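Here is the structure we will look at, set down as structure tokens.
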Amino acid sequence: MGEADPLAGAAQEWYKKGTDAMNRQNWDFAVNCFGNSVKMKPDVVLYRQTKHGCCKKMYGDNGSGAKMAGMKLMSIRGKMKKARMKKDWDTLDKLAEDGLLVNPWDPQLYADLGAASKELDRGEIAAYAYSAAVNLDKTNIDFNRGLGDVMLERGEYDKARACFQRIYEADPSDGEARSKMSQIDAEKVMDRGNYEKAESTQDVKADKSGKSGDAGASSAYDADRRRRRGAAPDSVAPGESEEADLRNAIRKDPKNEALYSKLSNVLRDQRKFPQAIEVLDKGLETFNNSVSLQEEKEDIELEIMKDKASEANDRARKNPDKERLKEKADALKKDLVVREIEVLASRIERNKNDMKMRFELADRYRKTKQYKLAIPLFQQASADSRLKEDSLVSLGECFMRTGKMDLGRRQFEKALETLTYKEKPDPFKNAHYCLGRMYEKAKKNELAEHHYTEILSVDYDYRDVLKRLEEIQGGDEFEDFDDD
């Protein structure tokens with residue numbers, strides 16, 4: 001069993017004290033308690049959400065924070081500017097929290113918190129903070145761009161596109177926003193299975209379960225609103241909770257398959273994965289031949305595996321001296337790929353014409369070095385114009401790794417006829433790199449030099465290209481050149 005995290009336990013205790021103070025409407029003490037939870041476990045979004053909610057209650061929902069908040073924030077903003085210039089993200093995070101204690105309605109402070117969290121690899125915090133900034137200032141281009149980028153990384157395409165749509169409406173000359181919308185539309189179509197998404201993140205809305213383990217914990221606003229109505233903490237009025245409404249609908253109409261799917265999606269968006277699976281299992285008891293419910297369950301199981309693999313990888317990265325953590329991370333990653341192969345292989349039988357699915361399965365075979373299984377799938381996927389270049393480059397790599405150099409070279413060269421760095425940088429560089437390696441091995445140095453140069457012109461630090469090119473060229477011919 002893993003060692004208990006003493007900070008997590010302490011943060012939990014402070015959270016309980018804060019919740020008790022919140023229930024008594026002792027907002028000052030509640031803010032202090034939740035602040036301690038944030039300091040001990042800064043990656044838990046629930047602690048921050050509840051703290052900020054209590055800050056608003058502390059100021060009587062006045063919308064402006066402390067008296068003379070602008071003056072009080074001047075010093076904090078100056079320090080934040082220095083921290084951003086130095087890329088001191090931990091300090092920027094802490095200063096943003098200090099500022100929100102003064103004015104929890106300041107959109108720039110939320111945006112700064114989002115920027116710091118993004119750099120610190122706290123995806124759920126970044127999504128929450130940028131979302132808060134946008135909600136307070138919906139037309140701000142920088143806030144929308146920050147939130148859009150975070151949502152795109154999380155694979156939440158509709159939310160990401162809405163951000164760039166607002167930017168484009170505010171400034172029709174913004175070519176980047178227009179380009180991003182096109183990119184999102186393409187990725188949404190290409191990523192229908194969402195198999196490649198491996199981020200361990202949460203929805204930008206308050207996650208009621210939270211990382212703290214407090215299932216059903218409430219924000220300050222939710223608790224206070226229920227208290228004012230005189231309702232019991234767990235009672236929910238119709239229309240207030242989509243989850244509760246759908247559960248009631250299922251009880252009334254248990255033969256409606258669509259309701260199980262809708263409820264599981266709501267729970268999945270809140271990252272309540274065990275509850276979502278429980279709902280799907282209940283649906284499968286009634287509709288035991290439902291392919292859609294079974295596939296939804298498989299998708300959630302894969303997402304759980306991805307989260308575990310991602311968390312294990314983060315722990316291994318933060319503790320490079322612990323070989324056991326690295327071994328565990330590698331094992332979980334391998335298990336994930338094996339399970340993905342099982343799921344994709346079964347779905348291909350039901351979706352004969354889905355080339356994207358064939359490409360995804362082929363890519364898993366390539367990653368597990370099962371090249372002979374990957375080759376025919378990449379060949380089939382290359383018939384889809386949207387997948388052509390990616391498939392040809394991957395196909396060429398499979399041929400190359402199985403010793404079929406001529407076949408591999410043909411695929412790379414065919415891909416490069418239409419492949420551009422701007423549209424697909426990674427396949428572009430990989431194709432040139434593989435060709436460079438193949439020509440270098442064949443002692444055709446001029447051709448190898450050409451492909452290495454193509455890479456260095458766009459990415460000077462790519463792999464070992466610079467070292468290989470220098471070895472081919474025989475070093476610097478101008479070592480004695482006078483700088484003056």
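Throughout, read-outs are computed from the coordinates displayed, never taken from laboratory work. Worth saying up front: this structure is predicted, and the values here are computed from it rather than measured. We place every Cβ from the backbone using ideal geometry, glycine too, and count neighbours over all the protein chains shown.
Summary table
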read-out	value
R0 of 22 Å, Cβ-Cβ distance Ser346-Thr286: FRET efficiency to nearest 0.05	0.50
Rounded FRET efficiency, nearest 0.05, which uses the C-beta distance separating Ala383 from Val337 and R0 of 35 Å	0.90
Full-extension gain in nm, Ser179 to Leu7, via 0.36 nm per residue minus C-alpha separation	57.5 nm
Cut-off 11 Å between beta-carbons: net charge of the residues surrounding Gly283, Lys and Arg +1, Asp and Glu -1	-1
Sorted by Cβ density within 10 Å, fewest first, the residues Cys33, Cys434, Cys163	Cys434, Cys33, Cys163
Cut-off 9 Å between beta-carbons: net charge of the residues surrounding Arg347, Lys and Arg +1, Asp and Glu -1	-3
Estimated dipole of the chain in Debye, rounded to 20 [Cβ of Lys and Arg +1, of Asp and Glu -1, Cα centre]	1720 debye
Distance (nanometres) between label positions extended 7 Å along Cα→Cβ at Gln473 and Glu413	2.5 nm
Segment Met85-Lys322, length gained on full extension (0.36 nm per residue, minus Cα span)	82.0 nm
Kirkwood Rh and Cα Rg combined as Rg/Rh, segment 6-193	1.01
